[in-house]
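Read the structure below first, then the notes.
FYI, it's all coordinate maths here, none of it is from the lab. Note that the structure is predicted; figures quoted are calculated from it, not measured. All Cβ positions, even for glycine, are placed from backbone atoms using ideal geometry, and neighbour counts span all protein chains on display.
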Amino acid sequence: MLIRITKGRNGPNTLTCIRDDGATTWAKVQDYFPIHDMTHFVVETTLGIPNAFYSLVRDGWDISDFTVKGNAKRIPPEANLVEALVGRLQREVMPGTEFTAESYNEEVVAVLEGIGNPLRRPVTQAELTEMRLLLRELISRWRALEPGESLELKFGLGS
């Protein structure tokens, strides 16, 4: 699946996912979401966790399905696991918030316990380093784009 994140011209950015069969789903997204969406890509591909945001979109979910009231109960536990991993990694975009693998895992477990999700996926220091480097690269590429230009990523997990 091709993921295309387009920088908005005088308005919101756009996230477009083009499945291998040519079907497309897209959404206008505010400035917070491009980095969040890149972080999903980094976590899902680096850790190889299926049944999360991009896997679900690839398998037929529309992006808008994630915002429909009542759909939260349809979301697999892996997606909530990834959301916790993404949220903690994305915090590293802020200066002075770098984690060790141990503290990263502790914070993720606290989030998962708070929502009653039994899944766990500890991250090694090597995986955390790999995710940091890829996320920083993608953010740098994103920031270099002009309005109307796109960042394209190939999502191939489980396909």
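Values as computed for the structure displayed
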| read-out | value |
| --- | --- |
| Charge dipole magnitude, Cβ of K and R +1, D and E -1 - the range 1-124, Cα centre, debye nearest 20 | 420 debye |
| Shape call, the chain: gyration tensor on alpha carbons, a/c limit 1.5 | oblate |
| Candidates per trypsin sites (Lys or Arg not before Pro) in the range 48-96, loop by DSSP, up to 10 other Cβ within 10 Å | 69 |
| FRET efficiency estimate (nearest 0.05) - Cβ-Cβ, residue 97 to residue 127, R0 22 angstrom | 0.75 |
| Proximal charge balance of residue 17 [Cβ under 15 Å; K/R count +1, D/E count -1] | -3 |
| P(r) of the range 14-87 over all Cα-Cα pairs, binned every 10 Å from zero, in whole percent | 19, 54, 27, 0 |
| Gaussian network model of the chain, Cα within-10 Å springs - most flexible of 76, 12, 95 | 95 |
| Potential lengthening between residue 21 and residue 66 on full extension [0.36 nm per residue; Cα-Cα distance subtracted] | 14.1 nm |
| Coil-residue trypsin sites (Lys or Arg not before Pro) of the range 1-46, DSSP, other Cβ within 10 Å capped at 12 | 9 |
